[in-house]
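See structure below.
Nothing in this text is a laboratory measurement; each read-out follows from the coordinates by a stated rule. Predicted, not measured: the structure shown is a model, and the values here were computed from it. Methodologically, a virtual Cβ is constructed for each residue, glycine included, from the backbone with ideal geometry; neighbour enumeration extends over all protein chains shown.
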Amino acid sequence: MRITRANLGKLVRELAAFGSTIVAPRSQGGYTDFAPILSLDDADLSRVNTRRSIKQFFFPASEPILAFSVSGKDVTLEQADPPKPAKTVILGSRPCDAASLPVMDKVFAWDYNDKFYLDRRAATTVVSISCTDCDECCFCTGLGLAPDSTQGSDILLTPLSENEYLVEACSDKGRELAEAHKGLFDKGEGDKAAACKRATAKLPKPMDLAKIKTWLDAHFEDSLWKDISLKCLGCGCCTFICPTCHCFDIVDEPSGDRGVRRKNWDSCQFAQFTLHASGHNPRADRAARWRQRIMHKFKYYVDRFGPRSCVGCGRCIRECPVQMDLKDQLRRIENLQG
């Protein structure tokens, strides 16, 4: 199918009229981030990528998971069920962001079904846009993805011109959305490869991920970790903007005889993340913490679930205050394996 930009604008208005919250990239104060829109004119679909990922709409940075009150030795739960999420459409995510969702799905529906995440996932439709350009930080092709990958997208739009998109419905949710608004779509085809040619030409060649995994399997202890972590400040920026990082802490916040139990993002790059009550810290230095970041994404997650916990969006490179470059470090590891 195809859709014109004018009809895409009508689709936004129709979805909003039917009660959906629409979020899309918006440019404000020099940054582009996802935010609610009421009109397509509010969205900026031209940027290579947003500063932050769509993770926040499924796994918020901070959220209450229950409320309680205390009377003597008795504790009463006042709110223990997750709130029903609003029906949401994410418009304009890039294929790398969409590809992060199947990665996160495996974590939040593995040994326990996390209803907070899964209910939001079920209530959200992801309409992604293929990349027609990239920057020096992007490396999705290095990890086997592409500017027009469909993983995780419910609908993928590929720009054929300034005023027209090729439309691929990639899931039942995507097909249901297209069917519900079928008057806005036309039959048609398009050349995705040609539309994404500029981005594809600039992106890096595929890495040998098997070589990287083989090296990691055998080099938990290695001088490389200290060498490549020397610049790291331990700020955790890379983990917070990463679409697949999912570590969190749970804290109780009492106020008098009432309180809230809250789930907050946490980071393996923080010194206190693995600090034991005894005072022992199994990852006492930055080398150990940086090793954990790479091992988690390219070994531990692979051992448990199969794919990598990285989609090559480049945010960790783009936003790092000291220019730590994950893709260059992975190439180095690949070359070490020979």
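Here is how the numbers come out for the structure above:
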| quantity | calculated |
| --- | --- |
| Computed [θ] at 222 nm, deg cm²/dmol, the chain (DSSP H ≥ 4; -39,500 (n - 2.57); rounded to nearest 500) | -8500 deg cm²/dmol |
| Anchor K115: aspartates and glutamates whose Cα lies under 20 Å away (excluding residues fewer than 8 positions away in-chain) | E63, E78, D81, D105, D249, D252, D266 |
| Shape box of the range 212-338 [Cα atoms, principal axes, largest first, Å] | 62, 33, 31 |
| Value of D in µm² per second that Stokes-Einstein yields for the range 151-208, Kirkwood Rh from Cα pairs, at 10 °C (1.306 mPa s) | 121 |
| Burial order of peptide ranges 132-140, 184-192 (average beta-carbon count within 10 Å, highest first) | 132-140, 184-192 |
| Two-site label geometry, S71 and E319: point separation in nm, points 7 Å out along Cα→Cβ | 4.5 |
| Among D114, D81, D257: highest mean-square fluctuation, GNM of the chain, C-alpha pairs under 10 Å | D257 |
| Sequence-distant lysines (8 or more away, or on other chains) whose Cα lies within less than 30 Å of K187 | K10, K87, K173, K197 |
| Label zone at H181 (point 7 Å along Cα-to-Cβ), backbone N below 18 Å, the range 25-67 | 25-26, 35-46 |
| When each of K231/K327; K263/K299; K226/K327; K106/K192 is checked by Cα-Cα distance, pairs over 19 Å | K263/K299; K106/K192 |
| Of A80, A277, A98, the one that fluctuates the most in a GNM where the chain has Cα springs shorter than 10 Å | A277 |
| Inter-centroid distance (Cα atoms) of the range 1-66 relative to the range 135-172, Å | 16 |
| Sorted by Cβ density within 10 Å, fewest first, the residues E14, E221, E253 | E221, E253, E14 |
| Average projected area [Cα convex hull, the chain], square nanometres | 19.9 |
